Amino acid sequence: MTEDEFLALDAREGAEMLNALLAEGKSQDEAMAEFDLTKAHLMKAQIFFVKDKFIARAWGGYTSTKRTGNEAGDAENGVGASDPSKGILGV
């Protein structure tokens, strides 16, 4: 598999493939070398090496626009006294 083919994969699939290589006894660098990857490639693919394993989208919650309900002062029409229907003027 080429570097471009690897980067076209879903982050979760890529992480699973790299973890399979770790399970075979390869190091982080050896697993990455199998696909000619650098750490910059992994960051672009949102794959991170944490606690001796590869994980996909470690900080995915910060990139989501979906409301969680945990926002401070959350109200029916927005956060606090803001009104999203008024755009920037509603802040």
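Taken together, the values in this text are just the output of simple stated rules run on the coordinates, not laboratory data. No experiment lies behind these values; they were computed from the predicted model shown. Cβ placement follows ideal geometry from the backbone for every residue including glycine, while neighbour counts extend to all protein chains displayed.
Descriptive notes on the structure:
- Listed by first and then second residue, the pairs linking a residue in region 1-25 that is surrounded by 13 or more Cβ atoms within 10 Å (Cβ to Cβ) to a residue that is polar (S, T, N, Q), with Cβ atoms under 7 Å apart and 6 or more places separating them unless they lie on different chains, are 11/46.
- Residues of region 38-57 that turn out to be small (Gly, Ala, Ser), farther than 12 Å from residue 10 by Cα and crowded, with 17+ Cβ neighbours inside 10 Å, as a count: 0
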